[in-house]
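Structure first, then comments.
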Amino acid sequence: MSENDEESRGLSAYAPHIAVRACGRLWRLDRAADLETLWNAMCDDPDADDERLPYWTELWPSTVALCDWLQERRAEIDGRFCLDMGCGLGLASIVARWLGARVLGMDYEPDALRFARRNAATNNVPQPGWAVMDWRRPAVRRGAFARIWGGDIMYERAFVSPVLRFLDHALAPDGVAWLAEPGRTVYDAFLQALSGGGCGVRWSGRPVFARTVEPIYAQPVPVSVRVWEIRRA
């Protein structure tokens, strides 16, 4: 089987092993059950935490586009301390480590990091660092990272302020953050918060990269993704 034959495209049903092309090579990822199954199991559990929605088990088109952007900025991340917010299955962390960055992948869900670690090994990439972390309670020192990125990490307006506060804490004074998003309306609120001095810090944001990504699951149209570059004004 060739790499092109192996690439996962237009799936009509959940598959536990997927392959996606980014940065000129094929990446193979293992994952847990599909989002709907995990979601239903959580809803059936009376003790489940509503905040622990299992978005991490999917590979989102924004992450694929973000990986290609990281390759374009390879010289900026090579050898530098970088952070992948909400790393999920770990693809962006793994790609960045392959590109030479010193990466910490963080996620709220321990199960996500278990699969991320497995996926790094599957793709023969040295392990990034992995950390269970809530961005509302940073467990890293202030100004630790030259570059921070996230792929489609905001689904609700309530995430805007915590993300900005986390960036202010973890991003180096001259650091840059890259956020990839597929045009969700919540990003309008995020951009308004940037221009309005979100969380007491003046930020600037601009689109720096765009890519149309074929989704893993069959749908009528591809997904248009933009990467925003954010820095202190």
Just checking, how many residues over region 192-221 are of a type outside the set (A, V, I, L, M, F, W, C), open to solvent by less than 70 Å² (accessible area, probe 1.4 Å), in contact (Cβ under 8 Å) with a residue 40 or more places away in the chain and assigned to a loop (DSSP other than H, G, I, E, B)? 1
For region 161-188, which positions are touching a helix residue (DSSP H, G or I) at 6+ places or on another chain (Cβ under 6 Å) and closer than 27 Å to Val221 by Cβ? Ala180, Glu181, Pro182, Val186
Kindly indicate the residue of region 107-129 that is aliphatic (A, V, I, L, M) and closer than 12 Å to Cys87 by Cβ and also farthest from the chain's Cα centre (by Cα) among those meeting that condition. Ala120
Within region 148-167, work out how many residues are open to solvent by 20 Å² or more (accessible area, probe 1.4 Å) and either free of Cβ contacts under 8 Å to residues at least 60 places away in the same chain or within 16 Å of Ala92 (Cβ to Cβ) (or both). 6
Taking the residues in region 38-62 that are assigned to a helix (DSSP H, G or I) and modelled with pLDDT of 60 or more as candidates, determine which candidate is nearest to Tyr217 (Cα to Cα). Pro61
What do you reckon, is Gly143 outside any helix (DSSP H, G or I), out of contact with any helix residue (DSSP H, G or I) (no Cβ under 7 Å at 6 or more places or on another chain), under 14 Å from Ile230 (Cβ atoms) and open to solvent by less than 30 Å² (accessible area, probe 1.4 Å)? no
Out of (1) without any contact (Cβ under 8 Å) to a residue 24 or more places away in the chain; (2) within 16 Å of the chain's Cα centre (by Cα), the odd one out for Glu229 is which? (1)
Given the residues Ala92, Ala101, Ala96, Ala120, which is the only one that is touching a helix residue (DSSP H, G or I) at 6+ places or on another chain (Cβ under 6 Å), within 20 Å of Glu214 (Cβ to Cβ) and without any contact (Cβ under 8 Å) to a residue 60 or more places away in the chain? Ala92
The lone condition Ala177 fails out of (1) open to solvent by less than 20 Å² (accessible area, probe 1.4 Å); (2) in a helix (DSSP H, G or I) is (2)
Identify, please: which residue in region 188-227 is hydroxyl-bearing (Ser, Thr, Tyr) and touching a Leu at 6+ places or on another chain (Cβ under 8 Å) and is, among those, farthest from Gly150 (Cα to Cα)? Tyr217
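The values are calculated or read from the model by the stated rules, or taken from the named source; none is laboratory data. This one's a predicted model, so the numbers in the text were calculated from it and none came from an experiment. All Cβ positions, even for glycine, are placed from backbone atoms using ideal geometry, and neighbour counts span all protein chains on display. Side chains are part of the model used for accessible areas, which takes the heavy atoms of the whole protein and leaves out ligands, DNA and RNA. Shrake-Rupley method; radii C 1.70, N 1.55, O 1.52, S 1.80 Å.
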